[in-house]
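The values are calculated or read from the model by the stated rules, or taken from the named source; none is laboratory data. These numbers come from a predicted model, not from an experiment. Here the Cβ positions follow ideal geometry from the backbone for every residue, glycine too, while neighbour counts run over all protein chains shown.
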Amino acid sequence: MSKRSKQSVQNQIKKIIQHKIRQYGGYGVILLFTVLLVIGFFNPDLRDRIAAKLENSFPTAGSARNNQPLTSKKQSPLKEGIWTVVHVVDGDTLDVVDDNGAKYRIRLIGADTPETVKPNTPVQPFGHEASNFTKLVITQSGNRVRVAFDGDQVDQYGRNLAMIYLQTPQGEIWLNELLIREGLAKALLQYRFSKEAKKRLQTAENEAKKARRKIWSTSTPKWSWF
């Protein structure tokens, strides 16, 4: 392989590595992709397969599987404050309306429940339970929630990313954290939001794992974020 070809391959894989480190972070990711970089650099027979594997397993912003970035720079049309929930799509997604009847879809930032309504995807374990739990606590709060933003506001599907706080007589309850602590959601931390919030969500997940709640009642959950 020519020096120029090697440099091209190195740059290609390096870009993917840098993107994934920014997205996921962690020493494990750094080590994994560094090893793959070395293999792809010195073995021309593997270079294309490695690049394709990285692209297919962890799609970047420009890949065929994901033509848009994880989030956009758009500002949400929602205003922070109290909103009325009119529909719970699944455990981590709900619809709210304003006083004029305009409907907006909200995705709970930092929390990922098992799929129940995703096209071409079977209902995942504890998916219905997560949806029913969200419906229950929303109903118990009188269908009124407080919407707050912390970092990214719109995802690649145009959904509003927000913190949702249930309104109860005992005070506000952070739904994003509650779902994770109950073992009905994973902490999804690749979005941009505060370190303090991420720490709380990670702590909630660790607690659920230790107690082997719901999705953690098996050795590994049989579903993923992707």
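Brief remarks on what is shown
- Condition met for Thr121 (more than 24 Å from Glu207 (Cβ to Cβ), without any contact (Cβ under 8 Å) to a residue 60 or more places away in the chain and of a type in the set (Val, Ile, Thr)): yes
- Yes/no for Asp98 being in contact with a Lys or Arg (Cβ under 9 Å, 6 or more places away or on another chain), assigned by TED's automatic domain parsing to the domain that holds Leu188 and over 23 Å from Lys198 (Cα atoms): yes
- Some residue of segment 122-130 being farther than 19 Å from Leu78 by Cβ, at pLDDT 95 or above and assigned to a loop (DSSP other than H, G, I, E, B): no
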